[in-house]
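Read the structure below first, then the notes.
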Amino acid sequence: MLRRLLAAVVALAVAAGLTLGLEQLFALPYAVGIGVGIGAGVFLVMDGSAGAGEGWVYHEARPRSDRIRDFQWTAGVGAGIGLALAYVAAVVHLARIPAAVMVTVGTLIAANMIFLWRRPAYEQMLDEE
């Protein structure tokens, strides 16, 4: 529980900081896409569970180099999908807030799906050892 709370605080800080910083350079939906994508990657790898089990199993069974690769995949694809959704929002002329909501929800779903795809059945791996 403590790991999940710490992961949520760190991920929110990363997402908010990146979004506020990038909003100075880009339109809000693009900044949200990048910030939420990277923040989701931080949360999913720090927490390790993604709603599919206990996070400690992920950290115990997965080597550090693989966890870094999981973060790169999750944050990269999440930010990429977020940018694509921001572009779609710009093409259909959504307002700032509805576009940011659409980008946030889509990015979180994409990042979760990538993390679950990358996350093997760790419970079975520990049973085999």
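Derivation of every value follows stated rules applied to the coordinates shown; laboratory data play no part. These numbers come from a predicted model, not from an experiment. When we count neighbours, we look across all protein chains shown, and the Cβ atoms used for this are built from the backbone with ideal geometry, even at glycine.
Looking only at segment 52-73, which residues are touching a residue at least 60 places away in the same chain (Cβ under 8 Å) and either under 13 Å from Asn112 (Cβ atoms) or not in a helix (DSSP H, G or I) (or both)? Step through it out loud before you land on a result.
Taking segment 52-73 and keeping what is touching a residue at least 60 places away in the same chain (Cβ under 8 Å), we get 52-53, 57-58, 60-62.
Ala52, Gly53, Arg62, listed by residue number.
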- [ ] Give the residue that is surrounded by the most Cβ atoms within 10 Å (Cβ to Cβ), with candidates limited to residues of segment 5-56 that are over 20 Å from Val101 (Cα atoms) and more than 14 Å from the chain's Cα centre (by Cα).
- [x] Gly55
Open item on the list: Six or more apart or on different chains, Cβ atoms under 9 Å: show the pairs whose first residue is in segment 19-39 and without any contact (Cβ under 8 Å) to a residue 24 or more places away in the chain and more than 22 Å from Asp70 (Cα to Cα) and whose second is of a type in the set (Phe, Trp, Tyr) and surrounded by 18 or more Cβ atoms within 10 Å (Cβ to Cβ).
Closed with: Leu22/Tyr30; Glu23/Tyr30
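Tally time: how many residues in segment 14-28 are part of a helix (DSSP H, G or I) and of a type in the set (S, T, N, Q)?
We begin by selecting, within segment 14-28, every residue part of a helix (DSSP H, G or I); these are 14-23, 28.
Those left that are additionally of a type in the set (S, T, N, Q): 19.
Summing the residues that are part of a helix (DSSP H, G or I) and of a type in the set (S, T, N, Q) in segment 14-28 gives 1.
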- [ ] Please work out if Ala75 is aliphatic (A, V, I, L, M) and under 16 Å from Glu23 (Cβ atoms).
- [x] no
Open item on the list: Looking at Ala31, Ala11 in this structure, which one is in contact with a Leu (Cβ under 6 Å, 6 or more places away or on another chain) and either part of a helix (DSSP H, G or I) or β-branched (Val, Ile, Thr) (or both)?
Closed with: Ala31
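Give the number of residues within segment 76-104 that are outside any helix (DSSP H, G or I) and crowded, with 17+ Cβ neighbours inside 10 Å. Show your work before the answer.
Going residue by residue through segment 76-104, those that are outside any helix (DSSP H, G or I) are 92-95.
After this cut, where a residue has to be crowded, with 17+ Cβ neighbours inside 10 Å as well, the list is 94.
Final tally of qualifying residues: 1.
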